[in-house]
Amino acid sequence: MSLPNHAITLLNSGVSHNNRAAQIAAELQQRISGMRTGERLPGARQLATEFRASAGTISSALATLTALGLILTEPGRGTFVASRAVLAEPDFTWQTPVLGRTRVDPERASRVGAYAGSDHIPLSWGYLSAELLPTEELRQIGARAARSSRAWVMTPPTGSAELRRLLSADYQAEPSDVLVVAGGQQGLVFAMRTLAEPGDTIIMESPTYPGAIIAAQSAGLAIKAVPSDGDGILVDRLRDELERTRARSIYLQPNYANPTGAVLSPERRTQVLELAARAGAFIVEDDWARHLGIESSAPAPLFTQDPHGHVVSVLTLSKPASPGIRLGAVIARGPAGDRLRASRTADDLGVSPIVQEIALELLTSPVWPRHLKRLRSALAHRRDALAFAIASSLPAARVPHVPRGGLHLWAQLPHGTDTREFSAAAHSAGVLVGDGRHFFVDEPPSPFLRLSFGAATEPQIAEGVRRLAALSPTTLRS
Ligand SMILES: Cc1ncc(COP(=O)(O)O)c(C=O)c1O
């Protein structure tokens with residue numbers, strides 16, 4: 001008789017706190033695997049003698065095996081090996097034709113949020129390294145939050161009233177416009193799914209965040225890419241595409257766009273809002289880098305320039321506080337906001353109250369402004385270190401502009417460079433880089449790499465770029 005995996009794991013991890021009982025249960029489990037269904041186990045007294053254990057320990061071991069469904073005890077008769085349905089070898093061939101075409105591109109999806117691990121230098125990652133995060137403060141706040149009664153009651157699905165009030169401030173929104181969600185990625189999916197119907201078109205600046213591409217795919221939207229430059233999306237191209245596709249939603253990162261670092265210029269902000277108004281379109285404003293301004297604070301959200309509810313903003317605390325906090329918000333006015341908040345209960349009934357409590361405490365603590373100040377200076381050093389290392393050691397990679405905030409540099413490689421091959425070679429050399437292909441909806445116009453400065457220390461940055469420079473010239477043609 002073979003055991004299900006969960007049974008083996010439970011036994012190995014010592015499901016009972018009594019180690020001896022867990023040990024006996026593991027030995028009996030071995031024995032049972034060679035027995036037939038219905039076969040009788042020795043009585044408890046005999047087992048106690050055999051294992052030189054107390055009756056209590058044997059009873060605890062048998063209870064473990066019973067809980068795992070491996071044995072059953074019939075009072076007055078004894079303990080028997082339980083019958084177990086033996087499943088045939090799995091055959092999943094039927095599933096794919098039934099499922100039809102996959103919506104979310106699995107290759108891109110496997111990279112969003114992925115992290116290679118501590119043996120790689122993270123020269124591409126969308127979060128901050130541990131020493132830049134307020135982890136010690138979060139530990140203390142987390143312990144206090146766990147003790148508070150507010151952490152263990154149900155909050156409204158839209159989020160705690162205090163947190164909504166706090167998050168509304170930067171957006172000059174009403175607290176009631178705010179929907180607390182489990183991070184920016186969830187916010188993007190909620191927004192895209194609610195503001196459009198499957199089959200509709202969404203326009204995205206290109207290149208863009210791969211997570212936004214898969215969010216749109218998951219919502220069943222067709223994606224049209226419009227190029228951008230250092231001042232954000234090209235407005236004339238956006239106008240043409242809105243007319244051509246009749247798209248009713250646009251995804252933008254107006255501040256320190258991932259991956260280019262572009263900031264939408266003040267002039268283009270006005271033009272984009274006019275275009276959205278004329279087309280009757282929504283703009284999903286991904287405000288992920290709100291706290292990551294380096295030269296200055298990030299420009300005000302597009303949301304603050306739009307009284308009519310065209311802009312729906314998504315913010316996240318994953319970047320400045322901790323990738324593990326998984327807390328963000330969608331901010332939306334008018335019926336769109338009502339729909340978003342109403343339909344969230346179809347997905348889940350809210351973000352865990354303890355996480356909301358931690359976020360609230362962090363944002364209102366004196367630690368927060370101190371942390372953001374320290375972060376700004378650390379990011380400036382790391383960004384400059386990365387730009388310098390590229391310019392001095394890797395001149396074949398051209399960085400069109402050094403961003404004033406965010407986490408990433410966007411480097412253009414010589415024409416003909418195979419970025420898939422280059423990323424694989426970098427990976428073998430212990431360096432994680434972002435293959436530019438994943439940031440384009442369609443074919444990339446040139447080979448690019450995304451290189452990040454938030455996740456690696458300055459020495460790691462220097463070493464990482466040194467290793468990239470040492471890669472074979474056939475991998476990186478200059
Ligand atoms: C541009 C952008 N938007 C949104 C997110 C989502 O982040 P999270 O779900 O961790 O809040 C990310 C994460 O990498 C990002 O880079």
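At 7 Å along the Cα-to-beta-carbon direction for both Arg374 and Arg278, put a label point, then send me their distance in nm to one decimal.
4.9
Amide H neighbours of Gly293 under 5 Å, counting only residues 5+ apart in sequence or on other chains, H built in-plane at 1.01 Å?
Ala298, Gly406
Based on the Cβ-Cβ distance of Glu136 and Ser393, what FRET efficiency does E = 1/(1 + (r/R0)^6) give at R0 = 51 Å, to the nearest 0.05?
Approximately 0.90, to the nearest 0.05.
Which order do peptides 63-69, 358-364 fall in by mean Cβ count within 10 Å, highest first?
My ranking of the peptides, most packed first, is 358-364, 63-69.
Apply the Karplus parameterisation 6.51 cos²θ - 1.76 cosθ + 1.60, with θ equal to phi minus 60°, to every residue of the range 184-198 and state each ³J(HN,Hα) to the nearest whole Hz, in sequence, with x for glycine and proline.
x, 4, 5, x, 5, 5, 4, 5, 5, 5, 7, 8, 9, 9, x
Between Ser265 and Met154, what is 0.36 nm times their sequence separation minus the Cα-Cα distance? Round to one decimal in nm.
35.7 nm
Quick check on the chain: helices-only [θ] at 222 nm, where DSSP H runs of length 4 and up contribute -39,500 (n - 2.57) each and the sum goes over total residues. Nearest 500, please.
-12500 deg cm²/dmol
Round to the nearest 10 and report in Å² the accessible area of Thr57, as given by a 1.4 Å probe over the protein chains' heavy atoms.
Looks like 20 Å² after rounding.
If you count only protein heavy atoms and use a 1.4 Å probe, how large is the accessible surface of Asp348, to the nearest 10 Å²?
50
What is the set of long-range amide H partners of Val311 at a cut-off below 5 Å, with H atoms built 1.01 Å from backbone N?
Long-range HN contacts for Val311: Ile283.
How many percent of all Cα-Cα pairs in the range 135-365 sit more than 22 Å apart?
Here the long-distance tail beyond 22 Å is 49 percent of all Cα pairs in the range 135-365.
Work out how much length Arg165 to Thr73 would gain on full extension: take 0.36 nm times their residue separation and subtract the Cα-Cα distance, in nm to one decimal.
Working it through step by step, the gained length comes to 27.4 nm.
Based on the Cβ-Cβ distance from Ser343 to Met35, what FRET efficiency comes out when R0 is 41 Å, to the nearest 0.05?
Rounded to the nearest 0.05, the efficiency is 0.15.
Relative to the longest principal axis of the C-alpha atoms of the chain, give the angle of the C-alpha long axis of helix 19-33, reported between 0 and 90° and rounded to the nearest 10°.
80
Residue by residue, what Karplus-based ³J(HN,Hα) values in Hz, rounded to whole numbers, does the range 164-169 have, using 6.51, -1.76 and 1.60 with θ = phi - 60° and x for Gly and Pro?
Here the 3J(HN,Hα) series is 4, 5, 5, 6, 6, 4 Hz.
Round to a whole number: what % of the accessible area of the chain belongs to carbon and sulfur, probe 1.4 Å?
It is 53 percent, rounded to a whole number.
Roll a 1.4 Å probe over the protein heavy atoms and report the accessible area of Glu131 in Å², nearest 10.
Rounded to the nearest 10, that gives 110 Å².
Could you give the C-alpha radius of gyration of the range 13-164 expressed as a fraction of 2.2 N^0.38 Å, taking N as the number of residues it contains?
So the Cα radius of gyration is 1.74 times the expected 2.2 N^0.38 Å.
Using Cα atoms only, what is the angle between the long axis of helix 334-347 and the major principal axis of the chain, expressed in degrees (0 to 90) to the nearest 10?
Once rounded, the angle reads 20 degrees.
Can you list residues whose amide H is under 5 Å from Ser249's amide H, if they're 5+ apart or on another chain and H is modeled 1.01 Å from N?
Those qualifying (amide H under 5 Å, at least 5 residues apart or on another chain) are Ile203, Phe282.
For the range 309-445, with every protein chain kept in place, what is the accessible area per residue (1.4 Å probe, Å²)?
40
Tally the DSSP beta bridges in the chain and give the antiparallel ones as a percent, rounded to 5.
That works out to approximately 55 percent antiparallel.
Taking each pair of different alpha-carbon atoms in the chain once, compute 1/r for the pair, average those values, and report the inverse of that mean as the Kirkwood hydrodynamic radius in Å to one decimal.
25.6
Suppose every Lys and Arg Cβ carries +1 and every Asp and Glu Cβ carries -1, with no other charges. What dipole size does the range 178-261 come out with about its Cα centre, to the nearest 20 debye?
I would put it at about 240 debye.
Is there a quick way to get the dipole size of the chain? I mean about its Cα centre, with the Cβ of Lys and Arg at +1 and of Asp and Glu at -1; what is the value in debye to the nearest 20?
I would put it at about 1000 debye.
How far is it, in nm, from the label point at Ser428 to the one at Asp384 when both lie 7 Å from their Cα along the line to the Cβ?
3.7
The values are calculated or read from the model by the stated rules, or taken from the named source; none is laboratory data. If you're wondering where the values come from, they're calculated on a predicted model, not measured in any experiment. As a convention, Cβ positions derive from the backbone with ideal geometry for all residues, glycine included, and neighbour counts pool all protein chains shown. Ligands, DNA and RNA are stripped out before the accessible areas are found, and what is left, the full protein with its side chains, is counted by its heavy atoms. Shrake-Rupley method; radii C 1.70, N 1.55, O 1.52, S 1.80 Å.
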